[in-house]
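What follows is one structure encoded as structure tokens, with my remarks underneath.
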Amino acid sequence: MKTLTLLLTFFVLFSVCDISAQKFHKKSAFVSGLIGGAQISNSSNGNESPVAISFGGSFGFPITKNLFLYTRGSFTSKSNFQSFYNTSYLSSPIQFSDQLVEVNSSFSQLLFNGGLLYSFNLSDEFALGISGGVTFAVINQEAKLLGGHIISNVDNETIWGYFGGVMVEKYWEDKNITTFIEAQYNFLQSDAPYHPTALNSMNFAFGVRYYLSRKSF
């Protein structure tokens, strides 16, 4: 919560203090579509899933000249990849150990982000955006031994966390459409025994953004 409060303070201060000239679309709501890749890792042992295709969209509504209410949603899925699973999950009750067994894994992740986006011009053609806020995730996961026996099956687990991101946006002259690249980090914390530590999700995306109006609201 302290981290989120600092982020909010940062965005508000920069929004109030920035007096540089901005293009029309800094005062307009926008919608975006995006596609890219995502990778999930465990914060305790550094194990990472393979990079998976991710796609989604975002929406922003202006609060001040450069500050937006920002929402983003994305879906990531990866099937039939090799990973290692803690052998403690093969017995009950769970007793954690450092022994790992090779398994065949599949997962999907639906992410919803809500927070603030602060955007300012780097030049007449480019802008830099910084975002942060709260993350809500829905995760499905399955792990099978190489012989086919299912040892873990997680259906629609919901996890809360927070996110931070940075994007570079390219303006196109006399158009309401821009393009951007984005990197976003999500930190997810669960109380479930099979998630003894936090999950990290790193997302990279390319997107197209459409500003709804040339006029200030």
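Things to note:
- With a simple spin-label model that places each label point 7 Å from the Cα along the Cα-to-Cβ direction, the separation between S77 and A29 comes to 3.0 nm.
- Förster radius 45 Å - calculated FRET efficiency between E173 and A198 (Cβ-Cβ, nearest 0.05): 0.55
FYI, it's all coordinate maths here, none of it is from the lab. Source: prediction; values computed, not measured. Please note: Cβ atoms are built from the backbone with ideal geometry, for glycine as well, and neighbour counts cover all protein chains shown.
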